[in-house]
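The structure appears right after this line, and notes come after that.
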Amino acid sequence: MNNKIIIINGPNLNLLGEREQSQYGSETLEKIKETCSIKSKEIGLEVKFTQSNVEGELVNAIQDARKNFDGIIINAAAFTHTSVAIRDALDIYKKPKIELHISNIYKREEFRQKSLISDVVTGGIFGLGVDGYILAIISMQKLLKYEN
Ligand code: DQA
């Protein structure tokens, strides 16, 4: 069955609720994790939710997902704009993958307006706040359903 997904979060997202509330809102990552877990269960997905501040750990998580997960939702945070290693790992992953950003990166500083991963993912969600996590889960469920 195609129903195991991983949500991978990059650097500083562990400080959601504390950092730049005007961009990211007041919800903590722990709360987002809980909401994701409830929504996933409701629509028949099994979800693992991870966060790391370390680029190599994110690369490892993406590589490991090749064997263990049917789809990836990734908020690569600042590494979105800098990491060729994360881009390459995502490119190697051949199943559905969704890029996610809480804020609208195209409305922010110039350095954020370039994503190194957009052209190697299935699709993306940005600028819709933390609801983007739920929207990504719903989209992922549809992508996995159509794959069968
Ligand atoms: C972010 C946007 C990135 O530019 C930033 O570095 C983040 C969060 C977002 O979710 O809006 O840490 O990925």
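The values are calculated or read from the model by the stated rules, or taken from the named source; none is laboratory data. The shown structure was predicted, so the numbers you read here are calculated from the model rather than taken from an experiment. Positions of Cβ are generated from backbone atoms using ideal geometry, with glycine treated the same way; all protein chains shown enter the neighbour counts. To get the accessible areas, we keep the full protein, side chains included, count just its heavy atoms, and leave off ligands, DNA and RNA. Shrake-Rupley method; radii C 1.70, N 1.55, O 1.52, S 1.80 Å.
For the reader, a short list of remarks on this structure follows.
- Pick from segment 104-148, criterion of a type outside the set (Asp, Glu) and modelled with pLDDT under 95, ranking: nearest to Lys41 (Cα to Cα): Lys145
- Test result for Ile32, in a helix (DSSP H, G or I), among the aliphatic types (A, V, I, L, M), touching a residue at least 24 places away in the same chain (Cβ under 8 Å) and open to solvent by less than 70 Å² (accessible area, probe 1.4 Å): yes
- For segment 71-85, the condition of being under 12 Å from the mean Cα position of the chain (by Cα), open to solvent by less than 20 Å² (accessible area, probe 1.4 Å) and more than 26 Å from Arg19 (Cα to Cα) holds for at least one residue.
- Being in contact with a Pro (Cβ under 7 Å, 6 or more places away or on another chain), within 16 Å of the ligand (Cβ to nearest atom) and of a type in the set (Phe, Trp, Tyr) is true of Phe79.
- The set of residues in segment 35-62 being farther than 16 Å from Asn75 by Cβ, surrounded by 13 or more Cβ atoms within 10 Å (Cβ to Cβ) and aliphatic (A, V, I, L, M) consists of Ile43, Leu45.
- Under the condition of being polar (S, T, N, Q), in contact with a strand residue (DSSP E or B) (Cβ under 7 Å, 6 or more places away or on another chain) and more than 13 Å from the ligand (Cβ to nearest atom), the residues counted in segment 46-67 number 1.
- Scan of segment 100-132 for residues that are near the ligand (Cβ under 9 Å from one of its atoms), open to solvent by less than 20 Å² (accessible area, probe 1.4 Å) and not in a loop (DSSP other than H, G, I, E, B), ordered by number: Leu100, His101, Ile105, Gly132
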